[in-house]
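In what follows, a structure is listed as structure tokens, so that the remarks can point back to it.
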Amino acid sequence: MAHNETGRDPTPGMRFSPVLMARLEALAAFTEVEGQLTRRYLSPAHVAAVGQVEAWMAEAGMSVHTDPLVSAFGRYEGRTPGAPAIMLGSHIDTIVDAGRYDGNLGVLAAIAVVAELSARGERLEHAIEVAAFGEEEGSRFPAHILTSSALIGAAGPALLDIRDADGITVREALTRAGGNPDAYGDCARRKGEIAAYLELHIEQGPILDTQGLALGAVTAINGSVRTMVSVAGFAGHAGTVPMGQRRDALAAASEMILCVERIGASEAHLVATVGRITALPGAQNVIPGRVAFTIDMRGPSDPVRDHAHAALVTALKEIARRRRVEVTIDAYQRNAATALHPLVIDVVAEAITACGQQPLRLPSGAGHDAGIMAGHCPSGMIFLRCKAGISHNPAESITMEDADLGVRVLLEAARRLDRRLG
Ligand code: GLV
Ligand code: MN
Ligand code: MN
């Protein structure tokens, strides 16, 4: 496993990371696209990954079940069978052309924690439940963090009618993937069944790496608003229509996108991104008649973000009016900024210290299942340094040493939470 050609162990003292890193590598092979990691919710690659993750859960001593929305859960009983659980986990769906650590690290590290408890014959007061959420990224359907939302009972039936870019509904995709759309309500857990939620995740930003620290205790998760903008102009001949007479939807969208950038930069800690755009009919010699693009706007303050979003809507309408195109703006998902639980933040910081590291308390710019779970039970996160803060990019990278520390801190935090939750 962790031996090089000389036969010497290249990772002395590392109890967890040789297996963990090998499994992260193996899981990255579950992809929709050869040569890159793309594993969107309910794709055949996702369904196959669920099977692999559940096999690792069972091997670690857990009883396993897949919920109606195809999230995987493993349960390791505490001293008293049926006790409330401390849930550890993250998501196993990915963006298109992903790195291998976003989400997957938190799930496989949680399995490593249970494998260690199981190998020691150690039972806590609480059960440990490991969650491999199916949908966090929003990379297939125009809505995100669906599966943890269903777990806390915050997903309504409209969820089933959302369509992906090929027109396939969540209902149809679930049926093909072996899920059970009509039972989505059964994903919801009773209050008290989960005593706390803790997620280990790469930071996805540069703060830990810049400060030379391996781990951080996350204090809060930024809020977001996701918006779809459609621009309708008039398609025409690229060679004949004089410039002054055009209603070019793509030229209008271009001005709008620069406006998104300007307003995103207008407030400290606010960010705004246009990540996807389509222009139709998409021919070299045709003036584009229809354009659609997404806006992802985030920040730590909901009022500041909402004010900026309202200003953006006004500005986009003004550009549309001046350029004689029609614009429709659909802010289809808002997630409030969320403070994580003080007890869990403290426990994480203490666990980092107990493992010989300096804990930095920091907020998260990225969205996470923990932000949803915080509406249901005391929730927290451990951030792990990633190289140069690079994420949502196949170049995501973590070290063996940090991965090992991540499991040790997750285990330590679970044991401490077990005592502190009473
Ligand atoms: C998830 O990675 C998100 O923050 O968009
Ligand atoms: Mn993630
Ligand atoms: Mn992500």
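Readers should treat all values here as calculations from the given coordinates under stated rules, not as data from a laboratory. No experiment lies behind these values; they were computed from the predicted model shown. Backbone-built Cβ (ideal geometry, glycine too); neighbour counts: all protein chains shown.
What number comes out for the charge environment of Arg140, summing +1 per Lys or Arg and -1 per Asp or Glu over other residues with Cβ under 9 Å away?
With Lys, Arg at +1 and Asp, Glu at -1, the neighbours total -3.
Taking loop as defined by DSSP and a crowding limit of 14 other beta carbons within 10 Å, which trypsin sites (Lys or Arg not before Pro) in segment 159-217 fit? Spell out each step's value before the answer.
Values: sites: Arg163, Arg171, Arg176, Arg189, Arg190, Lys191; in loops: Arg189, Arg190, Lys191.
Answer in residue order: Arg190, Lys191.
With the Cα gyration tensor of segment 223-335 in hand, give its eigenvalues times 5 under a square root as the equivalent ellipsoid semi-axes, listed largest first in whole angstrom. Numbers along the way, then the final one.
Details: eigenvalues 166, 32, 22 Å².
Semi-axis lengths for segment 223-335 are 29, 13, 11 Å.
Where does the chain land at 222 nm, in deg cm²/dmol rounded to the nearest 500, when only DSSP H runs of n ≥ 4 count, each adding -39500 (n - 2.57), divided by all residues? Working shown, then result.
Values: 11 runs with 139 residues, N = 422.
Dividing the helical sum by the residues of the chain leaves -10500 deg cm²/dmol.
Would you tally the net charge around Ala60, using a Cβ to Cβ cut-off of less than 15 Å, leaving Ala60 out, and scoring K and R as +1, D and E as -1? Before the final figure, lay out the partial values.
Details: positive: Arg15, Arg23, Arg75, Arg120, Arg123; negative: Glu54, Glu59, Glu77, Glu116, Glu122, Glu129.
Counting the neighbours of Ala60, the net charge comes to -1.
So how much slack lies between Gln245 and Ala311, counting 0.36 nm per residue of separation and subtracting their Cα-Cα distance, in nm?
Numbers: separation 66, 0.36 × 66 = 23.76 nm, distance 2.86 nm.
Length difference between fully extended and current span is 20.9 nm.
Most exposed first by the Cβ proxy, i.e. fewest other Cβ within 10 Å, how do Met87, Met62 rank? Present the calculation step by step, with values, prior to reporting the outcome.
Working: Met87 29, Met62 23.
The fewest-first ordering by Cβ neighbours comes to Met62, Met87.
Under 10 Å, Cα contacts only: if you run a Gaussian network model on the chain, which one of Gly103, Gly367, Gly275 comes out with the highest mean-square fluctuation?
For the chain, modelled as a Gaussian network with Cα springs under 10 Å, the answer is Gly275.
Tell me the net charge near Val348. Cut-off is 13 Å between Cβ atoms, Val348 excluded, with +1 for each Lys or Arg and -1 for each Asp or Glu.
Details: positive: Arg361, Arg408, Arg415, Arg416, Arg420; negative: Glu199, Asp346, Glu350, Glu412.
Charge balance near Val348 sits at +1.
Rank the residues Ser230, Ser379, Ser148 as a footprinting-exposure proxy: fewest other Cβ atoms within 10 Å of their Cβ go first.
Going from least to most buried by this count: Ser230, Ser379, Ser148.
Please find, in a Gaussian network model of the chain (springs between Cα atoms separated by less than 10 Å), the residue of Pro303, Pro206, Pro242 whose mean-square fluctuation is greatest.
Maximum among the listed residues: Pro242.
Given the alpha-carbon gyration tensor of the chain, what are the semi-axes of its equivalent ellipsoid in whole angstrom, ordered largest first, with each equal to the square root of 5 times an eigenvalue?
Three semi-axes, in Å: 41, 22, 22.
Report, in degrees rounded to the nearest 10, the 0 to 90 angle that the Cα long axis of helix 44-59 makes with the longest principal axis of the chain.
With both axes taken from Cα atoms, the answer is about 10 degrees.
If you build a Gaussian network model of the chain, linking Cα atoms that sit under 10 Å apart, which residue out of Ala403, Ala49, Ala183 swings the most?
Highest fluctuation among the options: Ala183.
Could you state the angle between the C-alpha long axis of helix 249-264 and the longest principal axis of the C-alpha atoms of the chain, as a value from 0 to 90 degrees rounded to the nearest 10?
Helix 249-264 sits roughly 50 degrees off the main axis of the chain.
Between the helical axis of 400-420 and the dominant principal axis of the chain, each derived from Cα atoms, what acute angle in degrees is found, rounded to the nearest 10?
Computed tilt is about 70 degrees.
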